[in-house]
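Step one of this worksheet: look at the structure below.
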Amino acid sequence: MPSTSISGVTSVNQRLSVAEYIEWITELNGRLGGGGGIAASQLDIIQHARTLRQLPEHIIAAGWHKQAYRLAPRVRWRAGAAAPWTYRIVTDLELANFQVNGGRSTMTFDVVSDTFSGSISFNLGGGALFTKAGASDVEIVTGYDEWTDLASWLSHHPPVFYAADKSSFIGVNLIAAAADVVTQLRDGDADALAWDNCKIDMEFGPDQPDGRLTVHQGLERHLCASDDLIALVYDHRSGEAADYIAFVQNPDGSLIVRLYHCKGAGGAPSGRRVGDVYEVSGQMLKSIAFCDAAVLTQHVEHRINPGHHRNPSRFVKGDFNAMKRALETTPPTGLTFEIFGVQPGISRAAVDAHLADLMVYGLDYAQRGGAAKAQRLTSA
């Protein structure tokens, strides 16, 4: 039987008397007819799509349609009609460099790899949503060796675009910012790491003459110090799931997959790294798509294959078989995903209210999207 409390989402299976049941039905009938108040509940976090009438002013990131991650269709690209084709899968490319026009009705963005860039237009004015822009060609397979222009495919499989105003949109469907979005850092949202002997303004690169570590090297050393680490993947390049993907096996057999996104400091640690926060937030949002065992396994297997890449991803610790075995043998109830934004250029003690609001945006969205935990790793 239902509960007598109907003001929000509550437990059921409570026994009621006939009189209580009639009272419950009467109140419910009144609410369905438009009478009576409805208290706030967890259903209030659900956002309903509206029609996109105008583009947001500032778009910070975009992720592929979910079919791109699940099916990993092949793509090919070339700089021009006379250039040779390069063959990969669609998630080896990234969407970047979003430019919205003054009337906020059209946008251009780039489809990029480490060695290629092609442009696509998005238009709210009618006709095809996505059209090719520029001389470069990008095509995607849609059948047995049947290729179609990527812009045409995007019109049927639109990406999700994330905006600085905390809204997002897919095609012409706008999802407004959540009604109960958090605007300040909570306990556990940010943790300060020690960056001793690190050159925090250098995200990655060769060994330094003075012996100091890059941000990647410093984080890698920190992660490898964990006794529970069974595998660590370095995936830093275009199309990455994260810079580092760590697989941690707990004593009870449960498995934690941690995705780390790094950003080098633009100077001494401070509380005003707005551009850096947008960039890392975008990376965190895009990596939600990899919080899925099957998708992540397929991604890592493809990325470490030297036959597909000139500079394949690599295992810092463990190997693919150990990673795959852990993912396949862990029951869904024992598998969790966590997403981290690593920013030594941010001083945790100096973060002001505006920067905190921006930092929490990526954390809150990642947790709503499927990550059990999201956190910023900063300087003290």
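Values as computed for the structure displayed
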| item | result |
| --- | --- |
| Condition check for Ala349: small (Gly, Ala, Ser), modelled with pLDDT under 95 and surrounded by fewer than 20 Cβ atoms within 10 Å (Cβ to Cβ) | yes |
| Single residue of the range 143-172 satisfying the filter (among the small types (Gly, Ala, Ser) and more than 20 Å from Gly118 (Cβ to Cβ)) that is modelled with the lowest pLDDT | Gly143 |
| The range 340-365, residues that are in contact with a Phe, Trp or Tyr (Cβ under 6 Å, 6 or more places away or on another chain) and of a type in the set (Val, Ile, Thr) | Val342 |
| Output for the range 199-242, where each listed residue is under 23 Å from Ala366 (Cα atoms), assigned to a loop (DSSP other than H, G, I, E, B) and open to solvent by less than 10 Å² (accessible area, probe 1.4 Å) | Asp235, Gly239, Ala241, Ala242 |
| Residue that is farthest from the chain's Cα centre (by Cα), among those in the range 70-83 that are closer than 27 Å to Ser281 by Cα and open to solvent by 40 Å² or more (accessible area, probe 1.4 Å) | Leu71 |
| Residue satisfying all of: in the range 84-102; assigned to a loop (DSSP other than H, G, I, E, B) and at pLDDT 95 or above; surrounded by the most Cβ atoms within 10 Å (Cβ to Cβ) among these | Leu93 |
| Qualifying residue in the range 109-117 (condition: under 19 Å from Gly171 (Cβ atoms), in contact (Cβ under 8 Å) with a residue 24 or more places away in the chain and assigned to a strand (DSSP E or B)) | yes |
| Failed condition for Ser168, given (1) more than 19 Å from Asp110 (Cα to Cα); (2) among the polar types (S, T, N, Q); (3) in contact with a helix residue (DSSP H, G or I) (Cβ under 9 Å, 6 or more places away or on another chain) | (1) |
| Subset tally (residues that are of a type outside the set (A, V, I, L, M, F, W, C), out of contact with any Ser or Thr (no Cβ under 9 Å at 6 or more places or on another chain) and in contact (Cβ under 8 Å) with a residue 12 or more places away in the chain) for the range 310-331 | 6 |
| Residue identified as out of contact with any strand residue (DSSP E or B) (no Cβ under 7 Å at 6 or more places or on another chain) and under 21 Å from Ala192 (Cβ atoms) among Ala225, Ala246 | Ala225 |
| Candidate set: the range 126-167, residues that are under 20 Å from Thr91 (Cα atoms), touching a strand residue (DSSP E or B) at 6+ places or on another chain (Cβ under 8 Å) and without any contact (Cβ under 8 Å) to a residue 24 or more places away in the chain; chosen: the one most open to solvent (accessible area, probe 1.4 Å) | Lys132 |
| Gln67, sole failed condition from (1) modelled with pLDDT under 75; (2) open to solvent by less than 90 Å² (accessible area, probe 1.4 Å); (3) among the polar types (S, T, N, Q) | (1) |
| Residue selected from the range 168-198 under the condition polar (S, T, N, Q) and either assigned to a loop (DSSP other than H, G, I, E, B) or open to solvent by 30 Å² or more (accessible area, probe 1.4 Å) (or both), by the criterion farthest from Gly282 (Cα to Cα) | Asn197 |
| Any hit, the range 273-286, residues being in contact (Cβ under 8 Å) with a residue 40 or more places away in the chain, among the polar types (S, T, N, Q) and buried (at least 21 other Cβ atoms within 10 Å of the Cβ) | yes |
| Sole exception among (1) within 28 Å of Asp292 (Cα to Cα); (2) in contact with a helix residue (DSSP H, G or I) (Cβ under 9 Å, 6 or more places away or on another chain); (3) open to solvent by less than 50 Å² (accessible area, probe 1.4 Å); (4) assigned to a strand (DSSP E or B) for Phe122, by number | (1) |
| Enumeration of residues in the range 291-326 that are among the polar types (S, T, N, Q) and open to solvent by less than 30 Å² (accessible area, probe 1.4 Å) | Thr297, Ser313 |
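The values are calculated or read from the model by the stated rules, or taken from the named source; none is laboratory data. Predicted model, so just to flag it, every value in this text is computed and none were measured. Please note: Cβ atoms are built from the backbone with ideal geometry, for glycine as well, and neighbour counts cover all protein chains shown. Each accessible area value is taken on the protein alone, full model and side chains, heavy atoms only, with ligands, DNA and RNA left out. Shrake-Rupley method; radii C 1.70, N 1.55, O 1.52, S 1.80 Å.
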